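Enquirer: Let me give you the structure first, and then I'll get to my questions.
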Amino acid sequence: MVLVDDTVTAAQLKEILAKGYKPESQARGNEVFYCRHERPLGTRFETKICRTSARILQDELQGKEDDDTRPATPVEIRRSDWAARRESYARE
């Protein structure tokens, strides 16, 4: 069976395959479902996750945006406070 996905470029397809997704089945039109096994946090059982290429690329873009806008964690705040205190002691 040959799966044809006209919705992605060769570079995008390479990126999708590098994330562990494998083409599984033809979706509507010329889209293809890509699947991989993921292990949800807190369990040893794997779950098969299937998405279209558009969804995979959208999720990646959303993840990068979330990384840029996420608030600092308490550990990062403590480290920055410590660095500020260290600088103030150095000035004295």
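Enquirer: Wrap a convex hull around the Cα atoms of the stretch 3-57, take a quarter of its surface area, and give that in square nanometres. Before the final figure, lay out the partial values.
Expert: Values: hull surface 15.5 nm².
Taking a quarter of the hull surface, the average projection is 3.9 nm².
Enquirer: Just to confirm a number: summing +1 for Lys and Arg and -1 for Asp and Glu over residues other than Asn30 whose beta-carbon lies under 12 angstrom from that of Asn30, what do you get?
Expert: Working: positive: Arg28; negative: Asp5, Asp6, Glu31.
Its environment carries a net charge of -2.
Enquirer: Here's a follow-up. Using each residue's phi in the stretch 3-17, evaluate 6.51 cos²θ - 1.76 cosθ + 1.60 at θ = phi - 60° and report the 3J(HN,Hα) Karplus result to the nearest Hz, with x for Gly and Pro.
Expert: Once rounded to whole Hz, the list reads 9, 10, 10, 8, 8, 10, 8, 4, 5, 5, 5, 4, 5, 5, 5.
Readers should treat all values here as calculations from the given coordinates under stated rules, not as data from a laboratory. The structure presented is a predicted model; accordingly, all values stated were derived computationally and were not measured. No Cβ is skipped: glycine too gets one built from the backbone with ideal geometry, and neighbour counts run over all protein chains shown.
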